[in-house]
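Chemist: Can you read through this structure? Questions will come right after.
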Amino acid sequence: MAVDEILHHVGDSGRFQIWMIALLNILAMVSAPHDVMENFTAAIPVHHCSVNLNNSGSEISTTMNLTTEAIIRVSIPMGPNQKPEQCRRFRHIQWQFLDSNISTTNITELETEPCLDGWTYDHSVFTSTIVTEWDLVCDFQSFRYYAQATSLTGHLVAGPLCGFISDRFGRKPLLMFCSLAYGILGTCCAFAPNFFFYCVLRFLLSASSSTVLINTLTLVFEEASVRWYAIVAVLSGVFASIGQAGLGVVAYVLSDWHLLQLTSALPYFIFFILFCWIPESPQWLMITGKTEQAWKELQRIASINGKKDVAQNLTTEDLRLKLKEDVDSTGKYVKIKNIITNPVILKTVFWNSSIVFAEFFSIFGLLLDIQVLGKNIFLTQILLGVIDIPSKSLTYFTIRNARRLPLITFLLVALGSCITITVFLSEEMYVMRLIIFILGKGFFAAFTSISTAYSNELTPVAIRSTLNGIFLVVARLAVVLSALTLVTRKYFLHLPMILCGVLPIVATISVYFLPETFNLPLVDTIKDMEKRDRLMNKNISKKEGQDFLETTEC
């Protein structure tokens, strides 16, 4: 807890913290659209089989100037919805259908065949998507969902690996590397030569994106006062929602997937420059025994905050004296063995992971396929982002009083919306389905804001990035499985939504087994974490409890 005292001495609520929070918010706004971008880059436009009338063997095709509607009428059968079939065409051109008096509804006896010459797409909404680029329709339509799942799998690899690297080598080097990598990989992805190369690049982009966002959030939490945590969690959530809403606008303006992907990648070159400037986490440096470097970074923070006298008078000896009480934990890295054999850590990881899994599986169940929610996917995306802004803003008032009760409340309300959509509303009632889902997503968004702060409060500084990496893996595993369940819709229409409604029930049970962190100090070491757990179970001496609670600034 001495780390907090030192940080307070050099300024933990000054100009530097405001700049860092602003950087986090901009980053959240830019990175939020990454996981749902394929709603637009992989959108499926209206399409039908390509037809070459010149090869039909009839002189009529060369002597008549047919309209597009007439060509479709004589070459494409009509489906049950009285719209042209998307995956079949007549084996032979049916010129008799040029006579408007002849009905095209009863055509079961006419021979059809697959789209042997490719497809013709409607480019009125999107000039280009990966679907039109590589013909991911009909028998290949599931490739679109597999592409989403493959892309999101990058988070699974990045979570534990990058979390361990961050705790071992620091927050800043990883941020610099991954932000530069995202910019380069994103630019290459915009010009991917084939579908396989595209999937590989999206996989790497997901790994880089999650690493940058999670480590930036961790860095801000470790360089700011506890009183900022609620504001940071809410503001980053609000700006992420602004980014999702802005994606609808940007996708409407840039209807080409190459440009949309390029637009998401270029800002990361700017983030790379900014990450070169920001200081390393003083908390992490002191916890790992790098006192000399921590002294330099604290001097920088003090100077930026206008406390030049403090910066000049601060010495490494001050840091060593302040950290004397934690000498057993400094200068040592926590081994993976110590994490997986500690019952308090395992309990926290298990129960919080179940909450994170239910949260991300449910919210992405429909977010990855918003075409089923409404006819205008641009407006739908904007509404899904806008509705989060007031809901996340309101969480600022709830997060100032508790953690566990708001989590349960928001989950149960979101659960009710999923059940309503599944049981009571048919797909034809798309306007009502959209309204109910938007309200439910608003409560999911409020839950996410509180959950972000809660997860960081549960974990100690020494292993925070490692545990956050585990939570990230669970979250992205939920997203991947959610994307894969969309493939099952053609076999069991309501399965994705049923799962979205059932899993939050499990999460509400899990909240009961986690401690309430409100008005308790953040923990620096595993020993502090164990002491808090004993305090929650009343298995701690009065003196230990008083010493623990006196470290809080709340």
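Chemist: Surrounded by 20 or more Cβ atoms within 10 Å (Cβ to Cβ) and under 24 Å from Met20 (Cβ atoms): is that true of Leu204 in this structure?
Modeler: no
Chemist: Which members of region 260-311 meet the condition of being outside any helix (DSSP H, G or I) and at pLDDT 90 or above?
Modeler: Scanning region 260-311 gives a single hit, Leu266.
Chemist: Filter region 453-483 down to the residues that are of a type in the set (S, T, N, Q), in a helix (DSSP H, G or I) and either touching a Lys or Arg at 6+ places or on another chain (Cβ under 8 Å) or closer than 18 Å to Pro515 by Cβ (or both) and list them by number.
Modeler: So the first thing to find is which residues in region 453-483 are of a type in the set (S, T, N, Q), and the list is 455-456, 459, 465-466, 468, 482.
Within this subset, residues satisfying the condition of being in a helix (DSSP H, G or I) are 455-456, 465-466, 468, 482.
Ser455, Asn456, Ser465, Asn468 - these are the residues of region 453-483 that are of a type in the set (S, T, N, Q), in a helix (DSSP H, G or I) and either touching a Lys or Arg at 6+ places or on another chain (Cβ under 8 Å) or closer than 18 Å to Pro515 by Cβ (or both).
Chemist: Of everything in region 129-179 that's in a loop (DSSP other than H, G, I, E, B) and aliphatic (A, V, I, L, M), which residue is farthest from Glu38 (Cα to Cα)?
Modeler: The residue in question is Val137.
Chemist: Asp139 fails exactly one of the following numbered conditions: (1) free of Cβ contacts under 8 Å to residues at least 60 places away in the same chain; (2) closer than 20 Å to Leu259 by Cα. What is the number of that condition?
Modeler: With respect to (1) free of Cβ contacts under 8 Å to residues at least 60 places away in the same chain; (2) closer than 20 Å to Leu259 by Cα, Asp139 is out only on (2).
Chemist: Quick one: in region 484-495, of everything that is farther than 19 Å from Ser354 by Cβ and not in a loop (DSSP other than H, G, I, E, B), which residue is modelled with the lowest pLDDT? Steps first, answer last, please.
Modeler: Taking region 484-495 and keeping what is farther than 19 Å from Ser354 by Cβ, we get 484, 486-495.
Still in the running and not in a loop (DSSP other than H, G, I, E, B): 484, 486-490, 495.
On the way: Leu484: 72, Leu486: 68, Val487: 65, Thr488: 66, Arg489: 63, Lys490: 60, Leu495: 69.
Among them, the one singled out is Lys490.
Chemist: Within region 193-205, can one find any residue that is more than 23 Å from the chain's Cα centre (by Cα) and not in a helix (DSSP H, G or I)?
Modeler: yes
Chemist: Do you know which residues across region 1-46 are within 30 Å of Gln82 (Cα to Cα), assigned to a helix (DSSP H, G or I) and either at pLDDT 85 or above or touching a strand residue (DSSP E or B) at 6+ places or on another chain (Cβ under 6 Å) (or both)? Outline the logic, then answer.
Modeler: Step one: filter region 1-46 for residues within 30 Å of Gln82 (Cα to Cα), giving 38-46.
Those left that are additionally assigned to a helix (DSSP H, G or I): 38-41.
Phe40, Thr41 - these are the residues of region 1-46 that are within 30 Å of Gln82 (Cα to Cα), assigned to a helix (DSSP H, G or I) and either at pLDDT 85 or above or touching a strand residue (DSSP E or B) at 6+ places or on another chain (Cβ under 6 Å) (or both).
Chemist: State all residues of region 272-295 that are open to solvent by 10 Å² or more (accessible area, probe 1.4 Å) and under 24 Å from the mean Cα position of the chain (by Cα); if no residue qualifies, say none.
Modeler: Matches in region 272-295: Phe272, Ile273, Leu274.
Chemist: Additional query: Filter region 86-122 for residues that are part of a loop (DSSP other than H, G, I, E, B), open to solvent by less than 60 Å² (accessible area, probe 1.4 Å) and at pLDDT 70 or above; which is nearest to His47 (Cα to Cα)?
Modeler: That would be Cys87.
Chemist: OK, next. Which residue, of Glu553, Glu530, is open to solvent by 50 Å² or more (accessible area, probe 1.4 Å), closer than 28 Å to His8 by Cα and at pLDDT 75 or above?
Modeler: Of Glu553, Glu530, the one residue that is open to solvent by 50 Å² or more (accessible area, probe 1.4 Å), closer than 28 Å to His8 by Cα and at pLDDT 75 or above is Glu530.
Chemist: Sticking with this structure for a sec: Please give the helices (runs of 4 or more DSSP H) falling wholly within region 313-432 in which 1 or more residues are modelled with pLDDT of 65 or more and aliphatic (A, V, I, L, M).
Modeler: Filter on region 313-432 gives 336-340, 343-367, 377-386, 388-399, 404-423.
Chemist: Please verify whether region 223-237 includes one or more residues that are free of Cβ contacts under 8 Å to residues at least 12 places away in the same chain, on the phi < 0 side of the Ramachandran plot, among the hydrophobic types (A, V, I, L, M, F, W, C) and outside any helix (DSSP H, G or I).
Modeler: Initial filter on region 223-237 (free of Cβ contacts under 8 Å to residues at least 12 places away in the same chain): none.
No.
Chemist: Within the bounds of region 64-77, is there any residue that is assigned to a strand (DSSP E or B), open to solvent by less than 70 Å² (accessible area, probe 1.4 Å) and either modelled with pLDDT under 85 or of a type in the set (Gly, Ala, Ser) (or both)?
Modeler: Looking for residues that are assigned to a strand (DSSP E or B), open to solvent by less than 70 Å² (accessible area, probe 1.4 Å) and either modelled with pLDDT under 85 or of a type in the set (Gly, Ala, Ser) (or both), one finds none in region 64-77, hence no.
Chemist: Same structure, new question: Kindly evaluate Val250 against the criterion of being within 30 Å of Arg300 (Cβ to Cβ) and in a helix (DSSP H, G or I).
Modeler: No, not satisfied.
Chemist: Can you name every residue in region 166-187 that is within 23 Å of Trp257 (Cα to Cα), open to solvent by 20 Å² or more (accessible area, probe 1.4 Å) and either out of contact with any helix residue (DSSP H, G or I) (no Cβ under 9 Å at 6 or more places or on another chain) or among the polar types (S, T, N, Q) (or both)?
Modeler: If the condition is that a residue be within 23 Å of Trp257 (Cα to Cα), open to solvent by 20 Å² or more (accessible area, probe 1.4 Å) and either out of contact with any helix residue (DSSP H, G or I) (no Cβ under 9 Å at 6 or more places or on another chain) or among the polar types (S, T, N, Q) (or both), then Thr187 is the only one that fits.
Chemist: Now for a separate question. Restricting to region 219-229, what's the tally of residues that are within 11 Å of Thr452 (Cβ to Cβ) and of a type in the set (Ser, Thr, Tyr)?
Modeler: Selection size over region 219-229: 1.
Chemist: Report, ordered by the first and then the second residue, all pairs with beta carbons closer than 8 Å, sequence separation of six or more or different chains, a first member in region 67-85 that is within 17 Å of Asp122 (Cα to Cα), and a second member that is among the small types (Gly, Ala, Ser).
Modeler: Cβ pairs passing all conditions: Glu85/Gly79.
The values are calculated or read from the model by the stated rules, or taken from the named source; none is laboratory data. What you see is a predicted model; the values in this text were computed from it and never measured. In this analysis, Cβ positions are derived from the backbone assuming ideal geometry, glycine residues included, and neighbour counts consider all displayed protein chains. Quick note on the areas: whole protein, heavy atoms, side chains included, nothing else; ligands and nucleic acids left out. Shrake-Rupley method; radii C 1.70, N 1.55, O 1.52, S 1.80 Å.
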